[in-house]
Amino acid sequence: MKSEVQDRADFLAIRYAQVWEDADVLLDALNIQPGDTCVSIASAGDNALAMLARSPKKVYALDLNPAQLACLELRAAAYRALEHRDLLVLIGSRPETTIAHRRRLYQSCRELLSSEAKSFWDANDVLIDNGIGSAGKFERYFALFRKVALPLVHSRSKVEVLLKGGTLEERQLFYSKKWDSWRWRLLFNFFFSRTVMGHMGRDPSFFRYVEGSVADRILTRTRHALVELNPAENPYLHWILTGTHGYALPFALREENFAAIRSNLDRLEWRCQPLESFLQDVGPSSIDAYNLSDIFEYMSEENYHRLLEQLTKAARPGARLAYWNMLAPRSRPDSMAARIRSHPKRSLELLSQDKAFFYSAFVLEEIIPA
(Lines give C-alpha, C1' and ligand atoms only; values in the text may rest on other atoms or scores of the structure.)
Protein backbone atom coordinates (compact mmCIF):
# COMPACT_ATOMS: atom_id res chain seq x y z
CA MET A 1 0.00 0.00 0.00
CA LYS A 2 1.55 3.30 -1.11
CA SER A 3 1.67 6.68 0.60
CA GLU A 4 0.10 9.63 -1.22
CA VAL A 5 3.33 11.63 -1.34
CA GLN A 6 5.39 8.71 -2.66
CA ASP A 7 5.00 9.59 -6.35
CA ARG A 8 5.22 13.37 -5.96
CA ALA A 9 8.63 13.99 -4.34
CA ASP A 10 12.22 12.85 -4.77
CA PHE A 11 13.07 10.13 -2.26
CA LEU A 12 16.60 9.28 -3.36
CA ALA A 13 18.80 12.02 -1.87
CA ILE A 14 19.15 13.09 1.76
CA ARG A 15 16.41 15.60 2.39
CA TYR A 16 17.00 16.00 6.14
CA ALA A 17 20.40 15.19 7.65
CA GLN A 18 19.02 15.97 11.09
CA VAL A 19 15.59 15.61 12.65
CA TRP A 20 14.20 19.12 13.03
CA GLU A 21 11.64 18.13 15.68
CA ASP A 22 12.28 18.51 19.39
CA ALA A 23 12.75 15.11 21.03
CA ASP A 24 12.22 16.61 24.49
CA VAL A 25 8.69 17.54 23.45
CA LEU A 26 8.16 14.19 21.73
CA LEU A 27 9.26 12.05 24.68
CA ASP A 28 7.25 14.09 27.13
CA ALA A 29 4.17 13.61 24.96
CA LEU A 30 4.53 9.89 24.26
CA ASN A 31 5.47 8.90 27.83
CA ILE A 32 7.13 5.71 26.56
CA GLN A 33 7.28 2.92 29.14
CA PRO A 34 9.68 -0.05 29.31
CA GLY A 35 8.19 -2.80 27.17
CA ASP A 36 6.29 -0.49 24.79
CA THR A 37 6.31 -1.10 21.06
CA CYS A 38 6.84 2.15 19.18
CA VAL A 39 6.71 3.42 15.62
CA SER A 40 8.72 6.42 14.43
CA ILE A 41 9.10 8.18 11.12
CA ALA A 42 12.83 7.74 10.62
CA SER A 43 14.03 10.87 8.80
CA ALA A 44 17.72 11.11 9.81
CA GLY A 45 17.11 8.93 12.86
CA ASP A 46 17.71 11.25 15.82
CA ASN A 47 14.27 10.90 17.39
CA ALA A 48 13.96 7.16 16.76
CA LEU A 49 17.27 6.85 18.64
CA ALA A 50 16.03 9.19 21.37
CA MET A 51 13.05 6.89 21.93
CA LEU A 52 15.48 4.07 22.78
CA ALA A 53 16.55 5.98 25.88
CA ARG A 54 13.17 5.09 27.43
CA SER A 55 13.87 1.33 27.09
CA PRO A 56 10.93 0.31 24.88
CA LYS A 57 10.60 -3.27 23.72
CA LYS A 58 10.88 -2.19 20.09
CA VAL A 59 11.18 0.91 17.91
CA TYR A 60 10.27 0.52 14.25
CA ALA A 61 11.74 3.38 12.20
CA LEU A 62 10.07 3.82 8.80
CA ASP A 63 10.93 5.96 5.82
CA LEU A 64 10.20 6.05 2.10
CA ASN A 65 13.73 7.22 1.35
CA PRO A 66 16.71 4.80 1.49
CA ALA A 67 19.07 7.77 1.82
CA GLN A 68 17.33 8.78 5.06
CA LEU A 69 17.72 5.26 6.38
CA ALA A 70 21.42 5.39 5.47
CA CYS A 71 21.62 8.41 7.82
CA LEU A 72 19.95 6.44 10.59
CA GLU A 73 22.10 3.37 10.00
CA LEU A 74 25.35 5.37 10.18
CA ARG A 75 24.19 7.01 13.38
CA ALA A 76 23.37 3.63 14.93
CA ALA A 77 26.82 2.34 13.91
CA ALA A 78 28.41 5.46 15.43
CA TYR A 79 26.73 4.82 18.78
CA ARG A 80 28.24 1.32 18.74
CA ALA A 81 31.71 2.15 17.44
CA LEU A 82 32.51 5.62 18.77
CA GLU A 83 32.70 7.37 22.08
CA HIS A 84 30.38 10.27 22.72
CA ARG A 85 32.85 13.06 21.87
CA ASP A 86 33.60 11.43 18.49
CA LEU A 87 29.91 10.98 17.73
CA LEU A 88 29.53 14.77 18.06
CA VAL A 89 32.47 15.30 15.69
CA LEU A 90 31.02 12.92 13.09
CA ILE A 91 27.63 14.67 13.26
CA GLY A 92 29.21 18.13 13.08
CA SER A 93 27.96 19.34 16.45
CA ARG A 94 31.49 20.40 17.29
CA PRO A 95 33.66 22.26 14.76
CA GLU A 96 37.11 21.43 16.14
CA THR A 97 38.27 18.76 13.69
CA THR A 98 39.60 18.02 10.21
CA ILE A 99 38.18 16.26 7.17
CA ALA A 100 40.71 13.46 7.68
CA HIS A 101 39.50 13.00 11.27
CA ARG A 102 35.85 12.67 10.22
CA ARG A 103 36.76 10.19 7.49
CA ARG A 104 38.66 8.08 10.03
CA LEU A 105 35.59 8.11 12.27
CA TYR A 106 33.48 6.93 9.32
CA GLN A 107 35.91 4.08 8.70
CA SER A 108 35.50 3.04 12.35
CA CYS A 109 31.74 2.74 11.74
CA ARG A 110 31.82 1.37 8.19
CA GLU A 111 32.12 -2.35 8.96
CA LEU A 112 28.92 -2.18 11.01
CA LEU A 113 26.90 -0.96 8.03
CA SER A 114 24.83 -2.99 5.60
CA SER A 115 26.13 -3.30 2.05
CA GLU A 116 23.51 -0.77 0.91
CA ALA A 117 24.55 1.81 3.50
CA LYS A 118 28.24 1.24 2.78
CA SER A 119 27.64 1.81 -0.91
CA PHE A 120 25.70 4.99 -0.20
CA TRP A 121 28.29 6.57 2.08
CA ASP A 122 31.29 5.36 0.08
CA ALA A 123 29.80 7.04 -3.00
CA ASN A 124 28.98 10.20 -1.04
CA ASP A 125 31.99 10.49 1.24
CA VAL A 126 32.17 14.23 0.61
CA LEU A 127 28.98 14.48 2.70
CA ILE A 128 30.99 13.27 5.71
CA ASP A 129 33.62 16.00 5.47
CA ASN A 130 31.61 18.78 7.14
CA GLY A 131 29.74 16.43 9.47
CA ILE A 132 26.88 14.17 8.45
CA GLY A 133 24.44 16.56 10.12
CA SER A 134 25.01 19.05 7.30
CA ALA A 135 24.47 16.57 4.44
CA GLY A 136 20.80 17.24 3.60
CA LYS A 137 18.96 19.60 1.30
CA PHE A 138 17.29 21.31 4.27
CA GLU A 139 20.64 21.87 6.00
CA ARG A 140 22.13 23.33 2.80
CA TYR A 141 19.16 25.70 2.69
CA PHE A 142 19.96 26.86 6.22
CA ALA A 143 23.66 27.15 5.32
CA LEU A 144 22.75 29.47 2.45
CA PHE A 145 20.66 31.56 4.85
CA ARG A 146 23.50 31.65 7.38
CA LYS A 147 26.35 32.39 4.98
CA VAL A 148 24.74 34.56 2.30
CA ALA A 149 21.38 36.00 3.40
CA LEU A 150 21.69 36.71 7.12
CA PRO A 151 24.94 38.75 6.84
CA LEU A 152 23.04 41.22 4.67
CA VAL A 153 21.02 42.32 7.71
CA HIS A 154 22.86 41.18 10.86
CA SER A 155 26.56 41.05 11.74
CA ARG A 156 28.35 38.07 13.23
CA SER A 157 28.73 39.94 16.51
CA LYS A 158 24.99 40.60 16.66
CA VAL A 159 24.29 36.89 16.12
CA GLU A 160 26.66 36.07 18.96
CA VAL A 161 24.80 38.44 21.29
CA LEU A 162 21.49 36.86 20.31
CA LEU A 163 22.77 33.36 21.06
CA LYS A 164 23.96 34.36 24.52
CA GLY A 165 20.32 34.63 25.56
CA GLY A 166 19.92 36.50 28.82
CA THR A 167 16.84 37.24 30.87
CA LEU A 168 13.41 37.46 29.26
CA GLU A 169 13.47 41.24 29.58
CA GLU A 170 16.92 41.42 27.95
CA ARG A 171 15.78 39.19 25.10
CA GLN A 172 12.65 41.24 24.52
CA LEU A 173 14.64 44.46 24.39
CA PHE A 174 17.34 43.04 22.11
CA TYR A 175 14.77 41.65 19.67
CA SER A 176 12.71 44.82 19.46
CA LYS A 177 15.61 47.30 19.36
CA LYS A 178 18.42 45.41 17.62
CA TRP A 179 17.07 42.43 15.69
CA ASP A 180 13.54 43.04 14.37
CA SER A 181 14.38 45.57 11.67
CA TRP A 182 12.52 46.09 8.41
CA ARG A 183 15.50 44.50 6.62
CA TRP A 184 15.16 41.39 8.80
CA ARG A 185 11.45 41.09 8.04
CA LEU A 186 11.98 41.69 4.31
CA LEU A 187 14.74 39.08 4.14
CA PHE A 188 12.71 36.61 6.16
CA ASN A 189 9.58 37.00 4.03
CA PHE A 190 11.62 36.34 0.89
CA PHE A 191 13.87 33.52 2.08
CA PHE A 192 11.14 31.59 3.89
CA SER A 193 8.49 32.11 1.26
CA ARG A 194 6.61 29.15 -0.22
CA THR A 195 8.56 29.47 -3.49
CA VAL A 196 12.08 29.71 -2.07
CA MET A 197 11.58 27.16 0.70
CA GLY A 198 9.80 24.78 -1.66
CA HIS A 199 12.57 24.73 -4.22
CA MET A 200 15.64 25.13 -2.00
CA GLY A 201 14.65 23.71 1.39
CA ARG A 202 11.82 21.22 1.28
CA ASP A 203 9.95 20.09 -1.86
CA PRO A 204 7.27 22.02 -3.78
CA SER A 205 4.87 19.07 -3.43
CA PHE A 206 5.00 19.39 0.37
CA PHE A 207 3.06 22.66 0.10
CA ARG A 208 0.17 21.16 -1.86
CA TYR A 209 -2.29 21.48 1.03
CA VAL A 210 -0.93 24.73 2.50
CA GLU A 211 -2.99 27.92 2.34
CA GLY A 212 -2.00 31.46 3.24
CA SER A 213 1.41 33.01 3.88
CA VAL A 214 4.17 30.60 4.78
CA ALA A 215 6.72 33.20 5.91
CA ASP A 216 4.33 35.10 8.20
CA ARG A 217 3.56 32.03 10.27
CA ILE A 218 7.18 30.98 10.53
CA LEU A 219 8.23 34.52 11.51
CA THR A 220 5.77 34.49 14.43
CA ARG A 221 7.22 31.21 15.68
CA THR A 222 10.77 32.50 15.15
CA ARG A 223 10.08 35.47 17.40
CA HIS A 224 8.85 33.01 20.04
CA ALA A 225 12.15 31.11 19.81
CA LEU A 226 14.29 34.23 19.98
CA VAL A 227 12.40 35.90 22.82
CA GLU A 228 10.12 33.59 24.83
CA LEU A 229 12.60 30.70 24.74
CA ASN A 230 16.26 31.14 25.62
CA PRO A 231 18.45 31.05 22.47
CA ALA A 232 21.42 29.92 24.56
CA GLU A 233 19.60 26.63 25.24
CA ASN A 234 18.40 25.96 21.71
CA PRO A 235 20.57 23.59 19.62
CA TYR A 236 18.36 23.92 16.53
CA LEU A 237 18.68 27.71 16.49
CA HIS A 238 22.43 27.42 17.07
CA TRP A 239 22.81 25.16 14.05
CA ILE A 240 20.76 27.45 11.80
CA LEU A 241 22.82 30.50 12.78
CA THR A 242 26.31 28.96 13.25
CA GLY A 243 26.39 25.51 11.59
CA THR A 244 27.07 23.71 14.89
CA HIS A 245 24.95 22.88 17.92
CA GLY A 246 26.68 25.09 20.47
CA TYR A 247 26.65 24.30 24.16
CA ALA A 248 23.14 22.81 24.08
CA LEU A 249 22.50 19.55 22.23
CA PRO A 250 19.41 17.73 20.97
CA PHE A 251 18.27 14.91 23.27
CA ALA A 252 19.87 12.03 21.34
CA LEU A 253 23.28 13.73 21.32
CA ARG A 254 23.51 14.60 25.02
CA GLU A 255 26.16 12.72 26.91
CA GLU A 256 23.74 11.67 29.65
CA ASN A 257 21.60 9.79 27.09
CA PHE A 258 24.42 8.16 25.13
CA ALA A 259 24.80 4.97 27.17
CA ALA A 260 21.06 4.25 27.33
CA ILE A 261 20.69 4.65 23.57
CA ARG A 262 23.75 2.48 22.89
CA SER A 263 22.55 -0.29 25.19
CA ASN A 264 19.15 -0.47 23.47
CA LEU A 265 20.26 -0.39 19.81
CA ASP A 266 19.23 -4.02 19.31
CA ARG A 267 15.62 -2.91 19.88
CA LEU A 268 15.70 -0.62 16.83
CA GLU A 269 14.56 -1.89 13.43
CA TRP A 270 14.42 0.29 10.33
CA ARG A 271 12.39 -0.36 7.22
CA CYS A 272 12.11 1.36 3.85
CA GLN A 273 8.35 1.05 3.78
CA PRO A 274 5.27 3.28 3.73
CA LEU A 275 3.55 3.59 7.09
CA GLU A 276 0.32 2.39 5.46
CA SER A 277 1.75 -0.96 4.41
CA PHE A 278 3.62 -1.39 7.71
CA LEU A 279 0.34 -1.05 9.61
CA GLN A 280 -1.17 -3.78 7.45
CA ASP A 281 1.79 -6.04 8.25
CA VAL A 282 1.93 -5.44 11.99
CA GLY A 283 -1.71 -6.30 12.68
CA PRO A 284 -4.23 -5.00 15.23
CA SER A 285 -3.52 -3.90 18.81
CA SER A 286 0.26 -3.91 18.39
CA ILE A 287 1.58 -0.37 18.92
CA ASP A 288 1.85 1.76 22.08
CA ALA A 289 3.37 4.98 20.75
CA TYR A 290 3.58 6.74 17.39
CA ASN A 291 6.05 9.47 16.43
CA LEU A 292 4.46 10.63 13.18
CA SER A 293 6.63 13.68 12.46
CA ASP A 294 4.67 16.00 10.14
CA ILE A 295 3.65 13.38 7.55
CA PHE A 296 -0.03 14.39 7.56
CA GLU A 297 0.88 17.74 5.98
CA TYR A 298 1.71 15.93 2.75
CA MET A 299 -1.63 14.23 2.26
CA SER A 300 -5.22 15.23 1.68
CA GLU A 301 -7.63 15.34 4.61
CA GLU A 302 -9.35 12.29 3.15
CA ASN A 303 -6.14 10.27 3.13
CA TYR A 304 -5.19 11.63 6.56
CA HIS A 305 -8.48 10.36 7.99
CA ARG A 306 -7.99 7.01 6.28
CA LEU A 307 -4.53 6.66 7.79
CA LEU A 308 -5.86 7.64 11.23
CA GLU A 309 -8.26 4.69 10.93
CA GLN A 310 -5.33 2.38 10.24
CA LEU A 311 -3.30 3.82 13.10
CA THR A 312 -6.22 3.32 15.47
CA LYS A 313 -6.68 -0.33 14.48
CA ALA A 314 -2.98 -1.09 14.94
CA ALA A 315 -2.83 0.68 18.32
CA ARG A 316 -3.28 -0.76 21.77
CA PRO A 317 -5.75 0.96 24.13
CA GLY A 318 -4.12 4.06 25.58
CA ALA A 319 -1.57 4.34 22.77
CA ARG A 320 -0.38 7.89 22.08
CA LEU A 321 0.06 9.66 18.76
CA ALA A 322 2.37 12.67 18.47
CA TYR A 323 2.79 14.78 15.36
CA TRP A 324 3.51 18.29 14.15
CA ASN A 325 1.72 20.68 11.82
CA MET A 326 3.99 23.14 10.11
CA LEU A 327 1.58 24.86 7.76
CA ALA A 328 -1.36 22.54 6.99
CA PRO A 329 -3.69 22.03 10.00
CA ARG A 330 -4.33 18.39 10.86
CA SER A 331 -6.00 16.90 13.95
CA ARG A 332 -8.42 14.06 14.49
CA PRO A 333 -11.90 14.75 13.07
CA ASP A 334 -14.99 14.93 15.26
CA SER A 335 -16.20 11.71 13.65
CA MET A 336 -13.40 9.84 15.47
CA ALA A 337 -13.91 11.49 18.87
CA ALA A 338 -15.21 8.25 20.39
CA ARG A 339 -11.97 6.45 19.50
CA ILE A 340 -9.25 9.11 19.69
CA ARG A 341 -8.98 11.58 22.58
CA SER A 342 -7.41 14.95 21.85
CA HIS A 343 -5.19 16.69 24.41
CA PRO A 344 -5.35 20.33 23.22
CA LYS A 345 -4.18 21.95 26.46
CA ARG A 346 -1.16 19.69 26.81
CA SER A 347 -0.41 20.05 23.10
CA LEU A 348 -0.28 23.83 23.44
CA GLU A 349 1.94 23.59 26.53
CA LEU A 350 4.38 21.38 24.66
CA LEU A 351 4.34 23.63 21.60
CA SER A 352 5.28 26.58 23.80
CA GLN A 353 8.40 24.63 24.89
CA ASP A 354 9.32 23.40 21.40
CA LYS A 355 12.88 24.42 20.52
CA ALA A 356 12.42 23.33 16.87
CA PHE A 357 10.30 26.39 16.56
CA PHE A 358 9.00 26.58 13.00
CA TYR A 359 5.96 24.35 13.54
CA SER A 360 2.60 26.05 14.02
CA ALA A 361 1.07 23.22 16.06
CA PHE A 362 1.95 20.12 18.02
CA VAL A 363 -0.73 17.45 18.33
CA LEU A 364 -0.98 14.86 21.08
CA GLU A 365 -3.80 12.31 20.83
CA GLU A 366 -4.64 9.08 22.61
CA ILE A 367 -6.49 5.92 21.66
CA ILE A 368 -9.55 5.49 23.85
CA PRO A 369 -10.02 1.97 25.22
CA ALA A 370 -13.07 0.24 23.78
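Here are the numbers for this structure:
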quantity: Between segment 163-195 and segment 97-127, the Cα center-to-center distance that results, in Å; calculated: 38 Å
quantity: Translational diffusion coefficient (Stokes-Einstein; Kirkwood radius from C-alpha pairs) of segment 259-358 at 4 °C, 1.567 mPa s, in µm²/s; calculated: 85 µm²/s
quantity: Globularity index of segment 320-364, i.e. its alpha-carbon radius of gyration over 2.2 N^0.38 Å; calculated: 1.16
quantity: Whole-Å semi-axes of the ellipsoid equivalent to segment 84-184 (Cα gyration tensor, √5λ, descending); calculated: 37, 15, 11
quantity: Convex hull (Cα only) mean projected area of segment 210-279, reported in nm² to one decimal; calculated: 8.2 nm²
quantity: Accessible surface of the chain, 1.4 Å probe, proportion on carbon and sulfur as whole %; calculated: 52 percent
quantity: Computed over segment 1-111, Kirkwood Rh from alpha-carbon pairs, angstrom; calculated: 15.3 Å
quantity: When each of Lys147/Lys345; Lys178/Lys345; Lys57/Lys355; Lys58/Lys147 is checked by Cα-Cα distance, pairs over 31 Å; calculated: Lys147/Lys345; Lys178/Lys345; Lys58/Lys147
quantity: Å² of accessible area per residue within segment 58-180, as computed with a 1.4 Å probe and no ligands counted; calculated: 46 Å²
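The values are calculated or read from the model by the stated rules, or taken from the named source; none is laboratory data. Just so we're clear, the structure is a prediction, and the values are computed from it rather than from any experiment. Surface accessibility is based on the protein's heavy atoms, side chains included, excluding ligands, DNA and RNA. Shrake-Rupley method; radii C 1.70, N 1.55, O 1.52, S 1.80 Å.
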